[in-house]
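Heads up, the thing below is written out as structure tokens.
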Amino acid sequence: MEMVEETAPDARRAGAFAGLLKQLGSGLETTVMAERERWPLFVPVLLGAGIGGYFALPVEPAPGSGIAALVFCVLLAAAARRNPAVLLAGLAGAVLAGGFAAAQLRSHLAAAPVLEGRYGPASVSGVVARVENLPGGARVTLEQVLLDDYTPERTPQRVRVTLRRGDRPAIGARIEVFAKLSPPFAPAAPGAFDFQRSAWFRGLGATGFALGPVRPVAGEETSSLRLRLAGLRLRIAERIRQALGGQTGAVAAALMTGDRSAISETTLHSMRDSGLAHLLAISGLHLGLVAATLFFGMRAALALSERLALRYPIKKWAAAAAIAGSFGYLLLAGAPVPTQRAFLMTGLVLIAVLLDREAISMRLVAWAAVTVLLLAPESLLGASFQMSFAAVVALVAFYEAGRGRLRALRSALPGGPAGRIFVYAAGVAATTIVASVATGLIGLHHFGRVAVYGLPANMLAVPITALWIMPWAVIAALLMPFGLEGPALAAMGSGIDAVLWIASSVAAWPGAVRHVPAMPLAGLVVLALGGLWLCLWRRRWRYLGLAAIAAGIATVPLHRGPDVILSGDARLMAARLSDGRLSLSDKRRARFLADMWLERDGQSGADSWPAGGATPDTWLACDSLGCIYRVAGLEVALLHDGHAIDEDCRRSDVLVSTVPVRGRCPKPLLVIDRFDLWRHGATALWVDTDGVRVRTVAEKQGDRPWSEFARRSRRYRAGWQDRR
């Protein structure tokens, strides 16, 4: 009897809990089914998850594994078509596997020889496929490359060479230059931007610089549609720069052709610090303005004829002209990812006009994302793809959710010019805030900086760009074949001057930029998923995405940067002092590398290690042979001279040496020397009371085809087996 009395409350609690679970499950099922029209919007999300899964693997998967998983999921869905839950799981798995397979196939198709080591100084010959007019000298990308003593099977398909000042060969010409080449450089630190991976998917197998003048190679110039378009783009850019001159011409060329190579660092910094850098990259704003100018201009011109306006569908004719003009702008700009996305969306909007359908919707954004991801899966990892789609998804979701309120507000406002100006200004402000928040959160991972005054800068600059600069750019492009573009370019230039003045003025305001540590990748993933959950659903449960967004943002202050960073070439070291800031072994060396470290750590500058003596916190004490870094009760020796190795092998807990350590080193828990840095690349150390945690670039990259360290290891193993 007592046992029954004791177990009865437990049974009631278990039953209540089971009932609660059943109720929650029923409510969840109802909510999911109520939003079934939104399910297709998650196709690009699942596709991206599959692509991300491929790139996150530490080793290259077996050939065909993605296709095999795709076939399995499709067969599972087909076999379980009468079971809705299994059917949905199979379809979702098929999309995931499709993304994985697309990335795996793209990586295989992109495979091309990569330079095995340093080359030269020696002759480099190739056909000029691209010219970038940098302030320090032109940088060319060569195809059909010939290298001394390299067989065709070992020669990179593409090589990028920075030429001496004054050398500017024509696109399509074969040239020869005396140069030094190296494989694409490795990431500056574990988790930093991976240029080797980016170069792999571009077929770029080496980079370097010229040591002598360019010599043309006799013979006919190589001609193809791609090279002719590249040559046309370069000629138009040079024509614009010559017409306007200075940074005005450089920015005008960037807006019309996408060639930003002539924009100075000063201009770039002011545009970034003012939050206007997005105006320099051809994206949805620019292509949309081009399409709108062509659409409304063509429609207005046709409407001048009463016969055409009354008897023919001039609206559809204008839409067709806008599609053609937008495609031409895409080709002229070199078809970067933001422009591809913008053209797909703009084209679908205009096609909707042709078919008398709804012009803009979240489904349009989703199918644009699917197309870009299938054509270029690697674009998922880039800031360009992430920020452009984040802005568009956020804007479409904002206007979807507030469409009714916005219409009511607009009808409540007084008419006339004042009302229209207010509506336009409010629209620009709302668009700027939503897009800036969306892209700014993504930018926390890639750039580690926040433009504090981006809203007022955009409120001033975006209308000038939309209503003045881009319409004159379209007019100038249409007049250029007749040589009549001068007045239009001059008008465009006056608007660019105004935008540049706004950028420099806002960037000079106190506290215009706030530097923050880079958001870790895990935080970016959580934030992105939360943002998608918030934007893609419509019912109240979408607000759960805010919790994920907050969790992603929280990873920035909670993330702890490394205590010691070592460059892969052993030229630079950094140590974190008691104030939490990194201090550099030498601020004058490896400036590019140092700037990347500091940017990822949220610093605008750093002190150098003391040449002799100690830092004020006594964490770092240096002499002519190296430094001793004391943190968490451990002693880390940071040496650049081999004469101190024997002593520090007997006293230090960790030994880091930029010269080789030969022989036995008994005391340290960890020894890292020049050979280790050569084998594993840039290295980061976290020092705690319970030991030292180490991460290297080679470990982060894994055994993947684009990793120079993985290729080097495979060559070493193959040579060792041959010697056996």
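Remarks
- Distance between the modelled labels on Ala491 and Phe185, one decimal in nanometres: 4.4 nm (7 Å Cα→Cβ projection).
- Cβ-Cβ distance of Ala62 and Ala550, R₀ of 35 Å, FRET efficiency by 1/(1 + (r/R0)^6): the value works out to about 0.35.
- Förster radius 56 Å - calculated FRET efficiency between Phe72 and Ala418 (Cβ-Cβ, nearest 0.05): 0.30
- Estimated distance in nm for a label pair at Leu229 and Tyr399, the labels positioned 7 Å out from Cα along Cα-to-Cβ: 2.8 nm
- Pairs of Lys residues in the chain that lie 8 or more places apart, or on two chains, and have C-alpha atoms under 29 angstrom apart add up to 4.
- Loop exposure criterion: GluC sites (Glu not before Pro), DSSP state outside H, G, I, E and B, at most 13 other Cβ atoms within 10 Å. Applied to the chain, the longest stretch between such sites is 359-724.
- Accessible area ranking (1.4 Å probe, heavy atoms, ligands and nucleic acids excluded), largest first, for Leu211, Leu310: Leu310, Leu211.
- Close amide H partners of Val513, meaning residues 5 or more places away or on another chain with modelled amide H under 5 Å apart, are Val452.
- Long-range amide H partners of Ala188 with built H, under 5 Å: Phe193
- Per the chain, cysteines lacking a partner by the 4.7 Å Cβ criterion: Cys73, Cys535
- Estimated from the Cβ-Cβ distance and a Förster radius of 41 angstrom, the FRET efficiency linking Ser578 and Val428 is about 0.35.
- Across region 627-639, coupling constants 3J(HN,Hα) worked out from phi with the 6.51/-1.76/1.60 Karplus curve, θ = phi - 60°, read 9, 10, 10, 10, 8, 6, x, 10, 10, 10, 8, 10, 10 Hz, and Gly and Pro carry x.
- Beta bridges per DSSP, both residues in the chain: antiparallel share near 80 percent.
- Gain in span if fully extended, Thr371 to Thr266, counting 0.36 nm per residue against the direct Cα distance: 34.2 nm
- The alpha-carbon positions of region 249-321 define a convex hull whose volume is 93 Å³ per residue.
- Looking at the chain, the accessible area is 50 square angstrom per residue; that uses a 1.4 Å probe and ignores ligands, DNA and RNA.
- Note on the chain: with neighbouring protein chains present and a 1.4 Å probe, carbon and sulfur make up 63 percent of its accessible heavy-atom surface.
- Gain in span if fully extended, Ala632 to Leu88, counting 0.36 nm per residue against the direct Cα distance: 190.7 nm
- In plain terms, the chain from Ala383 to Asp148 could stretch by 80.9 nm, reckoned as 0.36 nm per residue minus the Cα-Cα distance.
- In nm, spacing of pseudo-spin labels at Ser411 and Leu310 (7 Å Cα→C-beta vector): 3.3 nm
- By DSSP, the beta bridges lying fully in region 619-688 are antiparallel in about 60 percent of cases.
- Computed with every protein chain present, the accessible area of Ser411 is close to 90 Å² [probe 1.4 Å].
- The charge dipole of the chain, taken about the Cα centre with unit charges on the Cβ atoms of Lys, Arg (+1) and Asp, Glu (-1), comes to about 1820 debye, rounded to the nearest 20.
- Virtual paramagnetic centre 7 Å along Cα→Cβ of Thr30, amide N under 15 Å, in region 533-562: 539-541
- Computed [θ] at 222 nm, deg cm²/dmol, the chain (DSSP H ≥ 4; -39,500 (n - 2.57); rounded to nearest 500): -18000 deg cm²/dmol
- In sequence order, calculated HN-Hα J values of region 115-120 (Karplus, 6.51, -1.76, 1.60; Hz; x Gly/Pro): 3, 7, x, 5, 10, x
The values are calculated or read from the model by the stated rules, or taken from the named source; none is laboratory data. All values reported here derive from a predicted model rather than from experimental measurement. Methodologically, a virtual Cβ is constructed for each residue, glycine included, from the backbone with ideal geometry; neighbour enumeration extends over all protein chains shown. With ligands, DNA and RNA removed, areas are computed over all heavy atoms of the protein, side chains included. Shrake-Rupley method; radii C 1.70, N 1.55, O 1.52, S 1.80 Å.
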